[in-house]
Amino acid sequence: MERFVIQGGKRLKGEVSVSGAKNAVLPIMAATLLSQEPCLLENVPLLNDVFVMIQALEQCGAKCKWEGDSLYIDTSAAYPGVLPEVLTKKMRASNLILGPLVARFGEVSLPFPGGCNIGSRPMDYHLKGLEQLGAVIGEKNGFFEAKARGLTGSEICLDFPSVGATENVLMAAALAKGETVLQNAAREPEIIDLANFLCSIGAKITGAGTDVVVIQGVSSLGAKKNLTYRIMPDRIEAGTFIMAAAITGGDVVVKDVDTEDLVALLAKLKEAGLRIAQYDRNTVRVKPSDRLRAVDVRTMPYPGFATDLQPQFMALMTLSLGTSIVSENIFENRFKHADELRRMGANVKIIGRAAVINGVEGLCGANVEAPDLRAGAALVLAGLAAEGQSIVEKIEYIDRGYSFLEKKLAVLGGDIARVAIMPEVANK
Ligand code: UD1
């Protein structure tokens, strides 16, 4: 077990590169289960969730091998393995193997997935979509059991533009017989990345990134030998660094981003008074700014303000001038960081799905606990800005989604260290 120890009050300065996107690589890794040929994924972030997905693929007969930050995956001899519950409990994205396995093998048995505790996160949209393609899905003793005698393309309209449900339907429909028209699809950039990967292994998909995606099913996937595919940059990690610079009044160049994916965040930050320069599509510079003004945000499906950036934005607003209202419209239980921010002197009240944040002049260091992945990142940002020492516990949540977070922040001048917790202390 480990924790972050942060001495706050240092302005971040310098350059940082963003890693490959967690939310793109996980569905793409799941999609490799559809392919008869091996492939090499480049720009794969070293994250706990990626390590868990490797174990999940290996349980299904895949061979995975690291080559630097590239991951070689051979699923030519894959089979519908049953993942142990201990694996699926660690990561909700394990549910993404449902679509590929049922499409390729006609059967799958999957324990209910776990992941960050940020709401009830049911799977009904995934199941409904797969059922409309012809799968028969039951729930027994904590397992989903899906069977299909060949899937058939269909007209599907999601009740909500769920990212995971869109991905599962996309992957399953790629091997279904005939055409699938998916309405009210999620439009996140990671959906485009998945569709691009699927097309590169022979799928026929148009409209990814819009709310209507059309998939012409093919009989097998794995069109190319020696396929190499590069994972898109992580827009949530990029946004986190941009806000880390902002909260410390720093001067930071964030490289290897795609600024087109960050429009909603950058607009809000500019509205708050942050000085931002965009030299080209892949680089953002945050310049030292005066105290930011309070602005309101509402989380929405893409291209709206990302729920995964809400906790970090709330941390930023705790130090702003005035009162800001942050409304969370995607997950019903995503304000757990508010209690921890209060320990650091923030003035935050939660009223239903809204957080009312009265900006204070300064935060003070405190011992806090990461309640989930992005909330943990928000606490790190608050710690970097606070006066004195902060300790962030339960950083295993943060390691699920950030690759070398403390090292990247330290290169920018942040005083943050990963410290092992002695077993006798950890047990207290
Ligand atoms: C993905 C992201 C996560 C991000 C979220 C929203 C990955 C690996 N994770 O999660 O980081 O926060 O998108 O941008 O890409 N819902 C249902 N039934 C379903 C599916 C979803 O009710 O069958 C609800 C969820 O409870 C939630 C909302 O729909 O309230 C959005 O969830 P969804 O878009 O599916 O998120 P994930 O794919 O789980």
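The values are calculated or read from the model by the stated rules, or taken from the named source; none is laboratory data. Computed from a predicted model, the values in this text were never measured in an experiment. Glycine gets a Cβ as well: all are built from the backbone with ideal geometry, and neighbour counts include every protein chain shown.
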Exercise. How many residues, within segment 298-335, are more than 13 Å from the ligand (Cβ to nearest atom), surrounded by fewer than 21 Cβ atoms within 10 Å (Cβ to Cβ) and within 20 Å of Glu237 (Cα to Cα)?
Worked result: 1
For this session: Write out, first by first residue and then by second, each pair whose Cβ atoms fall under 7 Å of each other, whose residues are 6+ apart or on separate chains, and whose first residue, in segment 89-106, is in the same structural domain as Glu145 (by TED's automatic domain parsing) and among the polar types (S, T, N, Q) while the second is in a helix (DSSP H, G or I) and within 8 Å of the ligand (Cβ to nearest atom).
Result: Asn95/His126; Asn95/Gly164
Problem set entry | Cross-chain or 6+ apart pairs with Cβ under 8 Å, segment 1-12 first and under 12 Å from Ala420 (Cβ atoms), then assigned to a strand (DSSP E or B) and among the charged types (D, E, K, R) | Glu2/Arg418; Arg3/Glu393; Arg3/Arg418; Phe4/Arg418
Exercise. Among the residues of segment 193-208, which ones are over 15 Å from Ala176 (Cα atoms) and surrounded by fewer than 19 Cβ atoms within 10 Å (Cβ to Cβ)?
Worked result: Asn196, Ser200, Thr206, Gly207
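Inside segment 1-80, counting only strands (runs of 3 or more DSSP E) that do not spill past its ends, which hold 1 or more residues that are in the same structural domain as Val252 (by TED's automatic domain parsing) and in contact with a helix residue (DSSP H, G or I) (Cβ under 8 Å, 6 or more places away or on another chain)?
Answer list for segment 1-80: 2-7, 13-17.
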For this session: Would you mention how many residues in segment 17-36 are at pLDDT 95 or above and surrounded by fewer than 21 Cβ atoms within 10 Å (Cβ to Cβ)?
Result: 1
Exercise. Of all residues in segment 202-261, how many are assigned to a loop (DSSP other than H, G, I, E, B), small (Gly, Ala, Ser) and assigned by TED's automatic domain parsing to the domain that holds Ala377?
Worked result: 2
